[in-house]
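Student: There's a structure below that I have some questions on.
The values are calculated or read from the model by the stated rules, or taken from the named source; none is laboratory data. Quick caveat: nothing in here was measured; it's all calculated off a predicted structure. All Cβ positions, glycine included, derive from the backbone under ideal geometry; neighbour counts span all protein chains shown. Quick note on the areas: whole protein, heavy atoms, side chains included, nothing else; ligands and nucleic acids left out. Shrake-Rupley method; radii C 1.70, N 1.55, O 1.52, S 1.80 Å.
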Amino acid sequence: MTVKAFDLVPAIERVSWTDKVKTVVECLESCGKNLYIGTQECFVIHYVLEEKQYLEGTIIFDSTKQNQKYLDIKKPITLLKALSALNRILLLCDGNLIVLNMFDLEIIPSMTKLKGVSYFCLNENPETNNPFSVEVCIAKRKQLLICHVTDDKIINLRDVSVPEPPIVMAMDGQFACIALSSKYVVVNTESGYAQDLFPYDSNTTPPLVKRITKEEFLLGGPSALGMFVTTAGISERPPLQWGENVVSVAYSHPYVIVLSSDYLTVYSILDQQLKQRLTFHGGSCLDNFDGKMYVASSDIICALLPVPWEKQVQALLNDKKVAEALELAKYANKAGLSKEQFKNVYQHIQQQAGFIEFSLLHFEEARELFHDGQLDVRELISLFPDLFPASSSFIRMNPPLHDIGNVNEMCSFDSDKVLSCRKFLLHYLESIRNSNDAIGCKIEVDTALLKLYAEMDYSSLLSFLSSSDIGCQPKEGVEVLQRFQRYHALALFHLKLGENDLALGIWSKIISGDYTDPFYPGLVYFVEFLSKLGDHLLVWKYVDFVLERDQTIGVKIFIERPSSEPVSERLRPDFIVEYLHRFPTALIKFLEYLVLEKKLEKEKFHTHLAVMYMDNVLQILKLPEPEQIELNDARRKLQHLLHSSSLYRVQLLLGKATESNLHKECAILYGKLEEHEKALKILVHQLQDHDAAEDYCIRMSNGRDKKYRHRLFYALLSVYLDSTLEEQKREEMLPAAIQLLNSELAEFDVSKVLQLIPSHWSVAILDQFLVRALRSSLHHRYCCRLQSALARGENLQVKFSKIHIENTSVIMTEDRICAVCKHSFVEPTFARHSNATLTHTQFGQDIINCFLKFPVTKVAVTCKKVDFFFGVIFCKQGIENL
């Protein structure tokens, strides 16, 4: 037994038809305040019951006997049914169906004709809604009589045959559920089809049929079971285990009340469990009369008053029976409540249930109930006093949703349980932070999250502080983060408050070791923030701090600025270069950025970078054992800059390179001065790199005309064949000269080469060069002849077009107007365009001035008024380009 669903209140303490003779109650019927009692002595007694409710909630009944009727049949009255719409009462006594007037209890003679009736019932779900008739099913021998009862007659609609005389029955719509002598059946009164349900032993199981809901009945089954059956002949609910000696049953949603010899037992149809048991001896009948339930013994009648479902739910919640309370609330009779009102009541119950589950540490169930009940999350946060913001004015609901003081008391100061509760709160707040459940609670939610993250989840704290909007109070947030030594998070919090200087100060202390925070990303993060900071004065405050620790990383403050950042005097390149003289590594990186990435064309930046590159090379060369890889990388950078740039001071660099014997760099610089012979001599004689010399000629002639390339390769050949060289040196240069002449990449003016080649060289040495030169010459000759022929053909076409245009006539009339100014022609001159439009000559002359590259031709023109005069016409190509 889990709930008090009903109160048993005396309604009539002693039923009697005379003061001297004891009366035995057989059946009851109620209609409004009227209570009708059928007795064993064949009396019908009419009482009027008045309910009186006192302030403390107690209800008592005041009964007044109105009338009584003796039927003189001397048999018990076994069944009473009131037809309130007709002011009639149907009763069954010794097989006779008798109709009485409801108020004076007089028999209606015209309606009392049926005899041999074993049972009758009202159709509690009629298919017709005639307010002036009631549908009744009457069992007479092996037939069911479907009748309509009016105020003055009983109309038989149809008869339905059944296998045996019915004992008890109930009707719903067109279906009648009947208890026969050994089995239950459902009969379709329209078609006459009878479906067997299940058998029973009438010697041990009293037949019982009770309509529960639409198209569903409750039957007394074998083994002391109450069986639920639908009109389709199936059971959709588990049976009730209601015990022996069942006398009668009644239904009041969601409860089934069972009357036995000594008890009234209440079961729920939701879970089929026993909910309440009341002692009641000698019970004879029980029923629900349109919401009012009465139970009778032989001479006492009591009312079963339902306890309001809200009180039942609260009682279950007090016993921490959450599932039962929610189920009862969900399926309770909601009479008197609108949909919105019930929703509010039910959500309040869900909130209470959520706190009960929370107190039991059933966190998943609590989370679901809080969410479904739309809990004001501040009610939950208030259980954690250290997490609640000091500035909040929230007051808990009154009456309270729970009796929990705080979480520590709830968990009996068990640290593990308290930690579990705090983790639950953290996850719950995360899930609702951006939902409707957190509307109006942002300060409380964000403050609690900040404190919980600081305590338990640092990485999530950093993500939280990176979100767009945080509703914490500044002072409280700073205190929390300082208390838990979350210094990087503290700096981020200052950023949220717009306090960049404080954030940078904290980060600088972490970098310098004054604070310890393993989650801080380091100097790279610090530099990245400075590179995006728009407060340039604040940037310069920390430049030295960064560059003193890492120049390569620190210079990114100036290199990785936003492209959309406006120009600032404090961040002019000249100013930064001047400042970085103390930090050479950073200065080189910044100059590389200006010259190689931004492509600034300022001589001083290019020269400065080249000088620093050269100084770096010279410093490496001065080392006792210079690292060759480092030296090669440094010289490669210098040479690339010398090749790619033309804005540095060549003479300055040439002097330094010459002094230091940087021959390759000297060759590049001589090339910049157009002193190619000196450059080639260095490559050939100093470096002895013939491939580099050939590459020099190709590179320096890129983008130049063919004569320039011829001159460069001729200069290289001249270096190889220099007559001023010693005999031995000339012999050494001979293979290189021959290889150059035979190279596929080299290009020469053949006539000059033949003059340079020594006369004693054999043709065999030069055969490849001569064959290639001859082929090139012939190819050039053929191309020139082809171009000449094409030009002659094009000239012929132009002449033909000119003749065709000159032979074209134009007829001029008085109504012809200028296509530009829209005036008529007065002078005997005009301009004709290729699309046949005519304009005044001044407009044509303007067009001629714009397109002098197109030919203009005069043609003869014929006019009606003037024999001959001249016009001007453009070629078609010129007009199309207008």
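Student: As an exercise, take the mean of 1/r over every pair of distinct alpha carbons in the range 320-380, invert it, and state the Kirkwood radius in angstroms.
Tutor: 11.8
Student: Report Rg/Rh for the range 569-663, rounded to two decimals, where Rg is the Cα radius of gyration and Rh the Kirkwood radius.
Tutor: Reported Rg/Rh, Kirkwood definition of Rh: 0.98.
Student: In debye, nearest 20, what is the charge dipole magnitude of the chain about its Cα centre with +1 on Lys and Arg Cβ and -1 on Asp and Glu Cβ, if you could check?
Tutor: The dipole of the chain has a size of about 3320 debye.
Student: Any chance you could get the radius of gyration and Dmax over the Cα atoms of the range 416-559, in Å?
Tutor: Every Cα atom of the range 416-559 included, Rg and Dmax give 17.1, 53 Å.
Student: So I have (i) 60.0, 171; (ii) 57.0, 170; (iii) 26.1, 83, and one of them is Rg and Dmax of the Cα atoms in Å calculated from this model. Which one is it?
Tutor: (ii)
Student: May I pose another question? With charges set only on the Cβ (+1 for Lys and Arg, -1 for Asp and Glu), what does the dipole of the range 319-376 come to about its Cα centre, in debye to the nearest 20?
Tutor: Once rounded to the nearest 20, the dipole reads 260 debye.
Student: While we're looking at this one, here's another question. For the range 677-738, just say rounded, prolate or oblate: build the C-alpha gyration tensor, square-root its eigenvalues into a ≥ b ≥ c, call rounded for a/c under 1.5, and beyond that prolate if a/b exceeds b/c, oblate if not.
Tutor: prolate
Student: Sticking to Cα atoms, compute the Rg of the range 575-723 to one decimal and its Dmax as the biggest Cα-Cα distance, whole number, in Å.
Tutor: Spelled out, the Cα radius of gyration and Dmax of the range 575-723 are 16.7, 55 Å.
Student: Same structure again: Under 8 Å for C-alpha pairs, at least 6 residues apart: give me the relative contact order for the chain, rounded to a whole percent.
Tutor: RCO, the chain: 5 percent.
Student: To the nearest 0.05, what FRET efficiency results for Glu727 and Tyr782 with a Förster distance of 56 Å applied to their C-beta separation?
Tutor: Working from the Cβ atoms, E equals 0.80.
Student: Please state the shape class of the range 631-705: rounded when a/c is under 1.5, otherwise prolate if a/b exceeds b/c and oblate if not, all from the C-alpha gyration tensor.
Tutor: It comes out rounded by the Cα gyration axes.
Student: Further, regarding this structure: Give me the distance between the Cα centres of the range 603-621 and the range 334-403, rounded to whole Å.
Tutor: Each part's Cα centre sits 74 Å from the other's.
Student: Right, something else. Over the Cα atoms of the range 225-371, Rg to Rh with Kirkwood Rh, two decimal places?
Tutor: Across the range 225-371, the Cα-based Rg/Rh ratio is 1.03.
Student: Return the lysines within reach of Lys65: Cα separation strictly under 23 angstrom, same-chain partners fewer than 8 residues apart disregarded; answer none if there are no such residues.
Tutor: Lys20, Lys22, Lys33, Lys52, Lys74, Lys75, Lys81, Lys292
Student: What's the carbon and sulfur percent of the range 1-135's accessible surface, probe 1.4 angstrom, rounded to a whole number?
Tutor: 49
Student: Dividing the alpha-carbon Rg of the range 360-484 by 2.2 N^0.38 Å yields what?
Tutor: Compared with the compact-globule rule of thumb, the range 360-484 sits at 1.02.
Student: Please label the shape of the range 279-344 as rounded, prolate or oblate, based on the square roots a ≥ b ≥ c of the eigenvalues of the alpha-carbon gyration tensor (a/c under 1.5 means rounded; beyond that, a/b larger than b/c means prolate, else oblate).
Tutor: oblate
Student: Right, next: Mind listing the phi-derived Karplus ³J(HN,Hα) values for the range 638-646, rounded to whole Hz, using 6.51, -1.76 and 1.60 with θ = phi - 60°, and x for any glycine or proline?
Tutor: For the range 638-646, the Karplus curve yields 4, 5, 4, 5, 5, 5, 7, 9, 10 Hz.
Student: If you count only protein heavy atoms with a 1.4 Å probe, what accessible area per residue comes out for the chain, rounded to a whole Å²?
Tutor: 52
Student: Would you tell me the accessible area of Val763, worked out with a 1.4 angstrom probe on the heavy atoms of the protein chains, in Å² to the nearest 10?
Tutor: 100
Student: Ignoring ligands and nucleic acids, what accessible area does Leu754 show with a 1.4 Å probe (Å², nearest 10)?
Tutor: Looks like 90 Å² after rounding.
Student: Using the beta-carbon distance between Tyr263 and Ser391 and R0 = 41 Å, what value does 1/(1 + (r/R0)^6) give for FRET efficiency, to the nearest 0.05?
Tutor: 0.10
Student: Continuing with this model, one more query. Report, in degrees rounded to the nearest 10, the 0 to 90 angle that the Cα long axis of helix 487-496 makes with the longest principal axis of the chain.
Tutor: 90
Student: So what's the angle, to the nearest 10 degrees on a 0 to 90 scale, between helix 523-532 and the longest Cα principal axis of the chain?
Tutor: Approximately 80 degrees, to the nearest ten.
Student: Please determine, in degrees from 0 to 90 and to the nearest 10, the orientation of helix 841-850 with respect to the longest principal axis defined by the Cα atoms of the chain, where the helix direction is its Cα long axis.
Tutor: The angle comes out at about 80 degrees.
Student: For a quick check of understanding: with a 1.4 angstrom probe and all protein chains in place, what accessible area in square angstrom does Ile439 have, to the nearest ten?
Tutor: 120
Student: Report the far tail of the P(r) of the range 173-287, meaning the percent of Cα-Cα pairs longer than 26 Å.
Tutor: Cα-Cα pairs in the range 173-287 separated by more than 26 Å: 16 percent.
Student: Shifting gears a bit: In terms of modelled amide H atoms, which long-range or inter-chain residues lie less than 5 Å from the amide H of Gln241?
Tutor: Gly226
Student: Hey, which lysines would be in cross-link range of Lys681, C-alpha to C-alpha under 17 Å, not counting anything within fewer than 8 residues on its own chain?
Tutor: Lys664, Lys672, Lys729
Student: Please give the FRET efficiency for Ser412 paired with Ser467, using the beta carbon to beta carbon distance and R0 = 41 Å, rounded to the nearest 0.05.
Tutor: Rounded to the nearest 0.05, the efficiency is 0.65.
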